[in-house]
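Notes to accompany the following structure.
Nothing in this text is a laboratory measurement; each read-out follows from the coordinates by a stated rule. Note that the structure is a prediction, hence the values are computed from the model and not measured. Glycine also receives a Cβ, built like all others from the backbone with ideal geometry; neighbour counts cover every protein chain displayed.
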Amino acid sequence: MANTEEKELLKVENMYIHFKAENGGHIQAVKDLNLTIKEGETLAVVGESGCGKSVTSLSLMRLIPKNAGYTEGKILFEGKDLNKVSEREMRSIRGNTMSMIFQEPMTSLNPVHKIGKQIGEVIYLHSSLSQAEIKEKSIEMLKKVGIPRAEKIMDEYPHQLSGGMRQRVMIAMAMACTPKLLIADEPTTALDVTIQAQILELMNELKKDFHTAILLITHDLGVVAEMADRVMVMYYGQIVEQADVRTLLKKPKHPYTVGLLNSVPDMNDDSDKPLVPIVGNVPNLGVIQTGCPFYARCPQAFQKCHLENPPLFERGEQWVRCWLYENQEVIA
Ligand code: SF4
């Protein structure tokens, strides 16, 4: 668990992400997002496909191509607004103090270069080590992420490794410069269950060893329970609920969070309680909604929900965007 006294590492204020639409207009993929991550903390962002969680992570790294869309708002990383720094400065932040791992390692690993060259390049770009020291550090990182025969793997190509090994290599590359923030986008989704557990354990160990904060993007509530200190639930490009992990899993408030939890098996519950899927689909981001975007799928919807999108209401440390909690203080 992260210490509540820890310093704020990342603070996102009023972030909007827009994409260009085919008709020449714009689609808002993320709306008025506010979040903070403290040093050494793991914040999980959960939601179905299309809820805006992955584009949020790409925006934080400034990886959305300019011709595809743009981001508004403040992204304060160690007090510096990443939306305002030069591309050159951003390149020195990426892979150094802030790095990212993806669901499919082959999207980051170059198939024509050996593993040693790829890890070495990251270290070379962000340090002044000699070639011999870079090689030594690369092997050390491969060992750190539990790769057996690290020296031999240095001379192999990505296609010679299993999916789990490739993911370990990607984590080694991401952690090579001991980043302060690791963004992990569905890091275990493509792996089988036993390898998944090993990778999660590895990330937790690295977090402890390096005091790295993790922004974990996932749709898997089992992974959330395993990894997160705090959880943010997104729906239709907005935060709909945020709380510490225990509160969110035990006492969810937003009907969407309740629906997500009811649709997956609870390993601690041996009753025959049936799983209840959430009916319908996430609305298309291109369609302008009035009212609460969850209205059409919500079992507790009432008339007001159809007319006005609720703001976030505060209930202690728990934030919830739902008219059922209207009598609480508004924070955003
Ligand atoms: S505001 Fe209304 S429709 Fe939206 S989640 Fe709450 S009860 Fe359901």
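Observations, loosely collected:
- Residue-count net charge about H126 - beta-carbon cut-off 15 Å; Lys, Arg +1, Asp, Glu -1: +2
- F77, F210 arranged by Cβ crowding within 10 Å, fewest neighbours leading: F210, F77
- For region 162-168, 3J(HN,Hα) per residue [Karplus equation, 6.51 cos²θ - 1.76 cosθ + 1.60, θ = phi - 60°, Hz, x = Gly/Pro]: 6, x, x, 5, 4, 5, 5
- Between the amide H of R62 and any residue lying 5 or more places away or on another chain, no distance stays under 5 Å, with hydrogens modeled in the peptide plane.
- Residue-wise HN-Hα coupling along region 35-47, computed from phi with Karplus coefficients 6.51, -1.76, 1.60 (Hz; x: Gly, Pro): 8, 9, 10, 8, 4, x, 9, 10, 10, 9, 10, 10, x
- Cross-link partners for K253 among the aspartates and glutamates, with Cα-Cα distance under 14 Å and sequence neighbours closer than 8 places in the same chain left out: E241, D244, E314, E317, E326.
- Selected from A172, A132, A150 as most flexible by GNM, with the chain as the system and alpha-carbon contacts under 10 Å: A132
- Alpha carbon convex hull of the chain, volume per residue in cubic angstrom: 152
- According to the Cα-based calculation, Rg over Rh for region 107-176 is 0.92, with Rh computed by the Kirkwood formula.
- Looking at region 1-87, the trypsin sites (Lys or Arg not before Pro) that sit in a DSSP loop and have at most 16 other Cβ atoms within 10 Å of their own Cβ are K7, K66, K84.
- When the chain is treated as a Gaussian network with alpha carbon springs shorter than 10 Å, the biggest mean-square fluctuation among I183, I278, I171 belongs to I278.
- Springs between Cα atoms under 10 Å define the GNM used for the chain, and in it the highest mean-square fluctuation of I288, I139, I119 occurs at I288.
- When only Cα pairs below 8 angstrom with a gap of at least 6 residues are kept, the chain shows a relative contact order of 19 percent.
- For region 107-176: relative contact order, % (alpha-carbon pairs under 8 angstrom, 6 or more apart): 47
- Degrees between helix 115-125 axis and first principal axis of the chain (Cα, 0 to 90, nearest 10): 80
- Summed side-chain charge close to D220 - residues other than D220 whose Cβ falls under 13 Å, Lys, Arg +1, Asp, Glu -1: -3
- Eligible lysines near K144 by straight Cα distance, threshold 26 Å, same-chain separation 8 or greater: K38, K114, K117, K135, K152, K180, K207, K208
- Degrees between helix 193-210 axis and first principal axis of the chain (Cα, 0 to 90, nearest 10): 80
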